[in-house]
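Following: one structure in structure tokens, then a few remarks.
The values are calculated or read from the model by the stated rules, or taken from the named source; none is laboratory data. Source: prediction; values computed, not measured. Note that we place each Cβ from the backbone using ideal geometry, even for glycine, and neighbour counts take in every protein chain shown. For accessibility, only protein heavy atoms count, side chains too; no ligands or nucleic acids. Shrake-Rupley method; radii C 1.70, N 1.55, O 1.52, S 1.80 Å.
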Amino acid sequence: MEETTGRSTKKKVVVVGGGLVGALNACFFAKRGFDVEVFETREDIRIAKVVKGRSINLALSHRGRQALKHVGMEEKIVSKGIPMHARMIHSLSGKQSPIPYGRKGQFILSVDRANLNKELLTGKIFFYSSAKVFVTYVAAIFLRSDGSNEQIKADLIVGCDGAFSAIRKQFLRRSRFNYSQTYIPHGYMELTMPPINGEFAMKPNYLHIWPRNTFMMIALPNLDKTFTCTLFMPFEEFEKITTGDEVIEFFQKYFPDTIPLIGVDALKTDYFRLPAQAMVSIKCSPYHIGDKCVLMGDAAHAVVPFYGQGMNAGFEDCLVFEEIMDQLNEDFSTVLPEYTRVRVPDDHAIADLAMYNYVEMRAHVNSKWFLFRKRVDNILHFLMPKTITPLYTMVTFTRTRYHEAVDSWHWQNKVRHFLKMCLLFRLCHFFFPAYNLLFRGRCSFCLSILVL
Ligand code: FAD
Ligand code: EGU
């Protein structure tokens with residue numbers, strides 16, 4: 001085994017995983033002047049054309065953008081993203097209703113995963129690819145395809161190798177490491193909606209949503225004027241559909257407006273191209289071992305995609321680490337524990353929120369309910385902008401710490417409940433004269449406080 005050690009006096013960081021978060025991390029460490037090496041088991045994504053599995057496009061919002069901005073990549077990525085100013089809710093009858101994300105000028109972006117990954121990896125970084133990587137928390141062992149290997153010692157190993165992290169496996173062998181994972185009963189499948197006469201088949205600047213309780217579809221626009229539609233449903237239901245005709249029958253029942261847009265023939269074949277993919281939620285702590293190794297991105301916290309925050313949270317991980325590096329002068333022995341202390345509660349909060357939203361959507365969100373809730377949220381925010389800020393606004397358009405957003409939301413729920421009760425007692429006063437006899441002298445306000 002040949003050993004490669006300090007060719008230079010610069011501190012060496014090995015980033016394991018060249019996905020979105022690994023690639024961004026490489027930028028952060030390179031910018032600080034560290035010697036950075038990225039290990040990736042897939043073939044070199046800077047030259048490879050097609051990336052299998054994983055979602056094709058993603059919603060990029062404020063947290064992700066702030067992290068990109070820090071390494072000077074924001075403009076480059078934003079210019080290749082498609083702004084989505086609102087959701088477009090598709091009802092079963094085919095009616096489309098837009099619900100803005102925020103004030104005029106507020107939007108999220110649909111970005112291409114492969115392009116984003118490529119842009120973040122291009123240039124400066126030494127890259128090992130198409131090989132197996134074994135990692136201990138002091139060194140990465142790189143196995144070449146010809147059977148030879150090389151051990152690389154690093155000052156820091158950053159585990160960004162995704163939800164099924166090999167680095168995290170090293171953590172699991174140690175004492176006092178907390179870990180939990182939950183697979184949800186739903187799977188997802190991606191279908192492409194081609195352009196019609198060279199134009200987008202639906203309005204491009206929206207996140208299109210078909211909320212149907214247990215079944216849900218979401219579509220994000222791509223630069224080539226296609227939409228990537230993601231169908232979410234229980235594996236059980238995926239398995240029930242075994243023929244092309246059953247696919248059409250299913251779409252006829254739940255997503256009839258999309259059949260002519262995706263195309264009958266395309267639907268019949270694309271549905272069977274890849275099996276439905278699983279979704280997992282993973283939480284763990286701590287995120288570090290000594291001053292040697294740290295987890296970020298999905299390796300530290302896989303979340304279900306029902307808040308559009310997985311990548312954004314992973315990018316914010318890198319930014320939070322960067323901020324702590326500044327505060328503590330790049331001293332890994334204090335930076336790593338501080339990173340765990342600060343970040344674990346926030347990552348756990350977004351994992352919980354995403355799971356909560358999954359349960360909520362699946363339980364009783366059809367298009368009417370979705371529209372109603374979002375409208376009430378927006379009206380309350382308009383009436384009391386200081387008191388009520390919708391949760392998705394804090395999550396999507398600010399860097400409010402995730403756990404604080406959750407605390408604030410719980411408090412707001414109390415206010416909302418109070419307002420609801422005020423309204424209810426008012427209505428009672430109005431409609432039932434007997435009610436006045438019963439609660440004479442007590443105003444609806446006091447009663448509402450009582451039931452808080
Ligand atoms: P990954 O992207 O999984 O990258 C990990 C990399 O590590 C891969 O390249 C892998 O090949 C490599 N690797 C694995 N093992 C090893 C090893 N042993 N050695 C070396 N390399 C290894 N997030 C959003 O913010 N917005 C969205 O709209 C959104 N939509 C989503 C929709 C769906 C259907 C899904 C499933 C997820 C969505 N996400 C979204 C979440 C987002 O995809 C992830 O959070 C993000 O990809 C995490 O990046 P990562 O770099 O941590 O992990
Ligand atoms: C799921 C899969 C609408 C891309 C959550 C909203 C998502 C995305 C929402 C996927 C929903 C759900 C939010 C954004 C975003 C909404 C959000 C979800 C992008 C609460 C490619 N979600 N997603 N919430 O508010 O905050 O529009 O696959 F249907 S972007 Cl599930 Cl903001």
Item checked: the chain - share of DSSP beta bridges that are antiparallel (%, nearest 5) -> 70 percent
Check: What residues qualify as long-range amide H neighbours of G162, i.e. H under 5 Å apart, gap of 5 or more or another chain, H built at 1.01 Å from N?
Finding: D298, A299
Notebook entry, point to check: Taking N as the number of residues in the stretch 229-306, what value does Rg over Cα atoms divided by 2.2 N^0.38 Å take?
Noted result: 1.63
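Out of the total accessible area of the chain (probe 1.4 Å, heavy atoms of protein only), what percent is carbon and sulfur?
57 percent
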Next item on the list: With runs of 4+ DSSP H residues as the only contributors, calculate the mean residue ellipticity of the chain at 222 nm using -39,500 (n - 2.57) per run, divided by the residue total and rounded to the nearest 500.
Entry: -13000 deg cm²/dmol
Notebook entry, point to check: Which value does Rg/Rh take for the stretch 320-419 over its C-alpha atoms, Rh per Kirkwood?
Noted result: 1.10
Next item on the list: Report, in debye and to the nearest 20, how large the dipole of the chain comes out about its Cα centre when Lys and Arg carry +1 and Asp and Glu carry -1 on their Cβ.
Entry: 1500 debye
Check: Rounded to a whole number, what is D in µm²/s for the stretch 272-345 from Stokes-Einstein with the Kirkwood radius over alpha-carbon pairs (20 °C, 1.002 mPa s)?
Finding: 160 µm²/s
Item checked: Straight-distance crosslink candidates among lysines, where the alpha carbon sits under 23 Å from K169 and sequence neighbours closer than 8 are dropped -> K12, K132, K153, K283, K292
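Suppose we look only past 15 Å in the calculated P(r) of the stretch 199-257. What percent of the Cα-Cα pairs does that tail hold?
Value for the stretch 199-257: 55 percent of Cα pairs lie more than 15 Å apart.
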Next item on the list: Name the aspartates and glutamates eligible as straight-distance cross-link partners of K253: C-alpha to C-alpha under 15 Å, and not fewer than 8 places from it in the same chain.
Entry: E237, D245
Next item on the list: Given the peptides 374-387, 404-417, 345-358, arrange them by the average over their residues of other C-beta atoms within 10 Å, most packed first.
Entry: 345-358, 404-417, 374-387
Margin query: Let me check I've understood the local charge: for V247, count other residues with C-beta under 14 angstrom from its C-beta, Lys and Arg +1, Asp and Glu -1. What total comes out?
Written below: -3
Notebook entry, point to check: Considering amide H positions built from the backbone, and no H for Pro or chain starts, which residues 5 or more places from Y307, or on another chain, come under 5 Å of its amide H?
Noted result: none
Note to self: Taking every alpha carbon pair in the chain, what does the distance histogram look like in 20 angstrom bins from 0, in percent?
What the structure shows: 22, 51, 23, 4, 0
Item checked: V15 long-range amide H proximity, modeled H, under 5 Å -> E37, V38, F39, V158
Checklist line | Solvent-accessible area of V71 with every protein chain in place, 1.4 Å probe, in Å² to the nearest 10 | finding: 20 Å²
Next item on the list: State the answer as a single residue: which of N149, A23, W369 lies farthest towards the positive end of the charge dipole of the chain, with beta carbon charges of +1 for Lys and Arg and -1 for Asp and Glu, about the Cα centre.
Entry: W369
Next item on the list: Pull up the cross-link candidates among the lysines for K76, meaning alpha carbon to alpha carbon under 27 Å and not fewer than 8 places away within one chain.
Entry: K31, K49, K52, K104, K118, K124, K203, K225
Next item on the list: Express the accessible area of the chain per residue in Å², computed with a 1.4 Å probe while the remaining protein chains stay in the model.
Entry: 48 Å²
Next item on the list: Using the 2.2 N^0.38 Å rule of thumb for compact globular proteins, work out how the stretch 246-379 stacks up: its C-alpha Rg over that value, please.
Entry: 1.47
